[in-house]
1. Give the residue, chosen from Ile14, Ile74, that is assigned to a helix (DSSP H, G or I), surrounded by fewer than 17 Cβ atoms within 10 Å (Cβ to Cβ) and either of a type in the set (Ser, Thr, Tyr) or at pLDDT 90 or above (or both).
2. Looking only at the stretch 28-46, which residues are crowded, with 17+ Cβ neighbours inside 10 Å and assigned to a helix (DSSP H, G or I)?
3. Of the residues in the stretch 67-82, how many are among the small types (Gly, Ala, Ser) and within 16 Å of Glu35 (Cβ to Cβ)?
4. Tell me the residue from Leu9, Leu25, Leu3 that is loosely packed, with under 10 Cβ neighbours inside 10 Å, of a type in the set (A, V, I, L, M, F, W, C) and at pLDDT below 95, please.
5. Would you check which residues across the stretch 47-64 are in contact with a strand residue (DSSP E or B) (Cβ under 9 Å, 6 or more places away or on another chain) and not in a loop (DSSP other than H, G, I, E, B) and list them?
Amino acid sequence: MKLPVALMLAVALIIPTQAMARAALCKDFKDQKKEAQQHHDARKHGWKRLDRDKDGEACECLKGGSSENDNRCIKWRKKHGK
């Protein structure tokens, strides 16, 4: 009886840890200013990956970003369904 309880406890501790360990990606957000930039500015988990060119603007290709209309961004949004 103790083994199933211990197993359930171990699973309960491992699953949330794995989900939280995944870094944020631009494709995880819908909007640049309301979501991605706030995540970046709050320095939440994975924030550095949101600004690859290190200019302080996170996920520039998302709606509301400064590069929203660039050809590379249009292709990226099509690829990721944004």
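The values are calculated or read from the model by the stated rules, or taken from the named source; none is laboratory data. The model shown is predicted, which means the values in this text are computed figures rather than measured ones. In this analysis, Cβ positions are derived from the backbone assuming ideal geometry, glycine residues included, and neighbour counts consider all displayed protein chains.
1. Ile74
2. Residues satisfying the conditions are Gln32, Glu35, Ala36, Gln37, His39, His40.
3. 1
4. Sole residue among the options that is loosely packed, with under 10 Cβ neighbours inside 10 Å, of a type in the set (A, V, I, L, M, F, W, C) and at pLDDT below 95: Leu3.
5. Lys63
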